[in-house]
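Remarks on the structure that follows.
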Amino acid sequence: MKKFDENRAFALLDKIGFTRMGGTAEELKAAEILKAECESFGLDAVIEPFEIAMATVEAEFEILEPYQKKYTVRGYQCSENTPEEGLTADFVYVQDGDPVDLVNAKGKIVLVNGFLRVPLYRALLKAGVAAIITMDGSLLDKLDETDLHQRKLRETLRAFGNVPVAMLRVADAMDIVANGASKAKLTLKNQNVTLTSHNVVAEIKGTEHPEEIISFGAHYDSVEFSKGVFDNGAGSVINMEIARYFMANPSKRTVKFCWYGSEEIGLLGSHAFVRDHKDELDQHVLMINVDVGGPILGSDVAMVMAGEDLVHFTDYLMKINGLSAKVKQSIYSSDSVPFADAGVPGINFCRFGTQGASFIHNRFDQMFFLSAEALGKTTEIVLAFADAVINAVVFPVEKKIPDNIKQDVDKYLYKKELAEAAEKNA
């Protein structure tokens, strides 16, 4: 008899397949659906609210010389406002922000490739730029299918300072550079707001070692415009099937299920959980995270944020059970990171879509390239691993973060840079 029902999981995936950005009413609606699903098979669940800093933004951008033309832009939430009449300055394309390109960038509105990460942002601030324009999309996009996503100037960036930041389409960026734009005007008005996001949490007590907790995680929020079924409604419904299994088959150790909100804007749900459950973390011995799944064309991966022995164990277990998954020791940009930062080892299960046959963070993240069968492949992998580890006579995973993983986590969280910024601002 099969231990889970991929068709039931696929139906739940379709049910939560609507745009559900962090802090919105739609995100709360999805949280309530997940809570109700837990309770439908007798598992009590609670919705835990947490606050997130956001903003409403109005932005306009115009090239003034050597031609005049307005372009559609979206301002970054929480970035600096321009003067009410707008910011007029010389304009320059600085590409990737290399030192040579930034020599004469002081006081200018600059256009950069892609979007902002800490090293680029720090370099731009050090160069004294007046404002930043980033770009998004593809030259192959149709205008009516090119969505300018709302981005936020995250806390890890604002720690180094703040300037007005906006984003435009790649096609418009090429038009601007090709036509030699040299002067521009940016008007940006942020109105900061505090929104409430939500985690959904449920727990099944262990029969022999209730003091040892294995935590399952999956984020259920999506980005703007996207239905977010691949990323990460899939992980959410996979964990729901795992919860059903352990509800019907109580395990030796306690299992906790967390569906996280606001992952897409900085892992905010898992950060909030780790902060608010700090006193409980001593009992957490492993975090199992599921993020992205269900593509018909793709392959499964397990990324271990623990010692090499868990890599070998997982690889052997997959082969013994005839399951296809590439296993490696690596961090993954998801909700396992705050746990690793707090000293809790983890493993991330993902099914990545092959190039050209899956879509993420855009309007094409929909059900059409997913299937129940593919969803079941990852579910079987997660359950085989979880059942073996959670019901072990002696828990086999050492509660220790290897130095190389710790260094990667610190680098991912920009701990060194943030410490330098804090010292500078003290």
Surrounding charge for Y76, neighbours by C-beta under 11 angstrom, Lys/Arg +1, Asp/Glu -1, total +4
Going through region 34-65, which chymotrypsin sites (Phe, Trp or Tyr not before Pro) have at most 15 other Cβ atoms within 10 Å and a DSSP loop state?
F41
Using amide H atoms built 1.01 Å from N in the peptide plane, name the residues 5+ places from S371, or on other chains, whose amide H lies under 5 Å from its own.
I296
Given the Cα atoms of the chain, and with Rh set as the inverse mean 1/r over their pairs in the Kirkwood sense, what is Rg to Rh to two decimals?
1.00
Restricting to region 67-181, compute how many DSSP beta bridges are antiparallel as a %, nearest 5.
20
Where in the chain are the DSSP H helices whose C-alpha atoms run 20 Å or more along the long axis and whose mean Kyte hydropathy is at least 0.5?
234-248, 372-390
Region 67-181: radius of gyration and largest Cα-Cα distance (Dmax), Å:
13.5, 38
What net charge is computed for the residues neighbouring G86, neighbours being all others with C-beta under 14 Å from the C-beta of G86, Lys and Arg scored +1, Asp and Glu -1?
-2
Of all GluC sites (Glu not before Pro) in region 65-110, which ones are in loop regions per DSSP and have a Cβ with at most 14 other Cβ atoms within 10 Å?
E84, E85
Least to most buried among L34, L125 (fewest other Cβ within 10 Å first)
L125, L34
Using only helices, what value at 222 nm comes out for the chain when you add -39,500 (n - 2.57) per DSSP H run of length 4 or more and divide by the total residues, to the nearest 500 deg cm²/dmol?
-9500 deg cm²/dmol
Distance in Å, no decimals, from the C-alpha centre of region 237-285 to the one of region 39-54 is 11
Taking H as built 1.01 Å from N, whose amide H comes closer than 5 Å to the amide H of I331, not counting residues under 5 places away?
none
Environment charge at Y332 (Cβ cut-off 14 Å; Lys +1, Arg +1, Asp -1, Glu -1):
-3
If you keep only loop residues by DSSP, which trypsin sites (Lys or Arg not before Pro) in region 130-181 have at most 11 other Cβ atoms within 10 Å of their Cβ?
K142
The chain: relative contact order from alpha carbon pairs under 8 Å, six or more residues apart, as a whole percent, is 20
Quick one: V344, V118, V165, fewest Cβ neighbours within 10 Å first, how do they rank?
V118, V344, V165
Once you've got the Cα coordinates, tell me which of K227/K328; K328/K400; K189/K415 are over 26 Å apart.
K227/K328; K189/K415
Inter-centroid distance (Cα atoms) of region 144-206 relative to region 338-384, Å:
25
Length gained, S371-I320, 0.36 nm per residue minus C-alpha separation, equals 15.8 nm
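Read the figures in this text as sums done on the coordinates, not as results from a lab. All values derive from a computational prediction rather than experimental measurement. All Cβ positions, even for glycine, are placed from backbone atoms using ideal geometry, and neighbour counts span all protein chains on display.
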